[in-house]
1. Condition test on residue 19, is it surrounded by fewer than 13 Cβ atoms within 10 Å (Cβ to Cβ), at negative phi and under 12 Å from the mean Cα position of the chain (by Cα)?
2. Would the stretch 41-53 turn up any residue that is surrounded by fewer than 14 Cβ atoms within 10 Å (Cβ to Cβ), at pLDDT below 95 and not in a helix (DSSP H, G or I)?
3. For the stretch 28-40, name all the residues that are touching a helix residue (DSSP H, G or I) at 6+ places or on another chain (Cβ under 7 Å) and not in a helix (DSSP H, G or I).
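The values are calculated or read from the model by the stated rules, or taken from the named source; none is laboratory data. Just so it is clear, the model here is predicted, and its values are computed rather than measured. Here the Cβ positions follow ideal geometry from the backbone for every residue, glycine too, while neighbour counts run over all protein chains shown.
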């Protein structure tokens, strides 16, 4: 069988980064929608790079 845990872990890490980034950038730093967009972009880039590390 192929590895199904690797992509699941990458998705879980990306989701956590997005959630924490949304809260930090929107609520604490006051960036609003732009902060949510940055958090989403960073989490997606991290998800792409995670399998290569």
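1. Numbers: surrounded by fewer than 13 Cβ atoms within 10 Å (Cβ to Cβ): yes; at negative phi: yes; under 12 Å from the mean Cα position of the chain (by Cα): yes.
Considered against the rule, which asks whether it is surrounded by fewer than 13 Cβ atoms within 10 Å (Cβ to Cβ), at negative phi and under 12 Å from the mean Cα position of the chain (by Cα), residue 19 comes out as yes.
2. Filtering the stretch 41-53 for residues surrounded by fewer than 14 Cβ atoms within 10 Å (Cβ to Cβ) gives 41, 44-45, 48-49, 51-53.
In the following step, the residues that additionally are at pLDDT below 95 were identified as 44-45, 48-49, 51-53.
Of the ones still in play, those that are also not in a helix (DSSP H, G or I) are 53.
Within the stretch 41-53 (the criterion being surrounded by fewer than 14 Cβ atoms within 10 Å (Cβ to Cβ), at pLDDT below 95 and not in a helix (DSSP H, G or I)), the answer is yes, since at least one residue qualifies.
3. Passing the criteria: 29, 31, 32.
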